[in-house]
Amino acid sequence: MTGVGSRTWRALRGLPRMLRKDLWSAPVDPVPPPGAPGASVWRPVFGMLLTFVATFVALWHVPDLVPHGAAIPAYAVLLAVLQAVSLLAGMWHPLHAWWASLLLMVVSVRIAESAMTPGELFPWTGSEMTMQSLALLLLALRVHPRRAVLALALSLLAGLVSSAFVTRGHDYAMDAGALVAITAVVIGTALRALRVARAQLVVQSGLTQEERARRTLLEERNRIARELHDVVAHHMSVISIQAQVAPHLVENPSDELRENLAGIRENAVEALAELRRVLGVLRSQDAAADGLRQAPQPTLERLDELIGTVRSAGVSVATKTTGARRPLPPGVELSAFRIVQEALSNVLRHAPGARARVEVGYHCAAVTVRVTNTAPDAPGRRMRGVGHGLLGMRERTTMLGGDLTHGPTPGGGYEVMATLPLEDPS
């Protein structure tokens, strides 16, 4: 029991500090930026509506401050104007505006109490009830629900205290006032929750798109790694075989030569085994890769076969080769073939009826591939998800230290051009 009492005492001691933080110093939610959902409506429409309501309620409230039939003094008009201004200020500073509205409400009750007839609602007249509820609504739209509930409790407490000091009998309407104020807070809290949920959904959608793009990039890199595995494995196998055969090509090879060649072969076999072990995991996740495990990786020698397949699908493809055709590094051969393959696949998917042209240029330090197509006869079908085509081309050219450019042509077609250096840029 002592422990419960101690915790209660600590909670009571911390209550003023909590109230000061929640109802005065803690910031409120910022006004939605222009690009946010509903922001275009928030400022002009809601501002005009609130101005109209504040003006109407102020005019409605002035007669409540003086006895019936008496002249309206200046202080009554000033008090009603201040309450209307505090309500409008709630659009920008809802917490301070609610405090001002609360204090002005208490002052209005004390001034109007002696002038009110027994049949009028007390302590909140219809105008007072409307102003206080709107102030709470504006506050609930911009603060945490806990803070809105604390403000509601303080408003009800202020109304209850104001009704305790009277000079005559009144028609007390605390129940009706409390119901209207609670309804305003519930509506404001619900609208704020909806706005926060929408903002979180936008953020989550952005994160999802980033994650999807990153996953697509990793999948494309894995595919490229699986393809290059065959190229690297071929070279490592050649090194191993050459190291094994070399001693038989030399008369009376020395022991040192035999030992060095054996070490070369052993290192090559170990490196090949490690490479297969690491990339074997990537291969096992791709059924297509499993089916083509033994198939050699394509080179530009098979470009005519690829173009024939595309022509059989109904696409007119013209070819042009410049420079002396010669063997290229395996990685360059593979990447050049895949870039042409992806570009022609994009023509099939997105440019029905277009004519394509494939140009391969052999230069001293690089090879270039250029794929263009004319404007399509009809719009291409939309593909769901993120395509791998351009992403794969960019990854291949970046891996080789090359350059990729792509974009629409003046005639309504599209162009893809890749420059792949023949030497390692490192």
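The values are calculated or read from the model by the stated rules, or taken from the named source; none is laboratory data. This structure is a prediction, so every number in the text was calculated from the model and none was measured. Cβ placement follows ideal geometry from the backbone for every residue including glycine, while neighbour counts extend to all protein chains displayed. In case anyone asks, the SASA skips ligands and DNA or RNA and just uses the protein heavy atoms, side chains included. Shrake-Rupley method; radii C 1.70, N 1.55, O 1.52, S 1.80 Å.
State the volume of the convex hull built on the alpha-carbon positions of segment 100-242, expressed per residue in Å³ and rounded to an integer.
Values: hull volume 16.4 nm³, N = 143.
Cα-based convex hull of segment 100-242, divided per residue, equals 115 Å³.
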Item to check | Accessible area expressed per residue, segment 193-271, with surrounding protein chains retained (probe 1.4 Å, Å²) | outcome: 72
Checklist entry - Points 7 angstrom from Cα along the Cβ direction at VAL245 and ASN267: gap in nanometres? => result 2.1
Checklist outcome for this item: If R0 = 35 Å, then ALA225 and ALA313, at their Cβ-Cβ distance, give a FRET efficiency to the nearest 0.05 of 0.75
Item to check | For segment 129-141, Karplus couplings with θ = phi - 60° (6.51, -1.76, 1.60), whole Hz, Gly/Pro x | outcome: 4, 5, 5, 5, 5, 5, 5, 5, 4, 4, 5, 5, 5
Checklist entry - To the nearest 20 debye, what charge dipole does segment 132-256 have about its Cα centre, counting +1 at the Cβ of each Lys and Arg and -1 at the Cβ of each Asp and Glu? => result 1340
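Just by accessible area at a 1.4 angstrom probe, what is the order of ARG258, ARG195 from largest to smallest? The partial results should precede the final answer.
Working: ARG258 115, ARG195 75 Å².
Descending accessible area places them as ARG258, ARG195.
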Checklist entry - So how far, in whole Å, is the C-alpha centre of segment 189-217 from the one of segment 328-369? => result 38
Checklist entry - Among HIS93, HIS144, what's the order by accessible area (1.4 angstrom probe), most exposed first? => result HIS93, HIS144
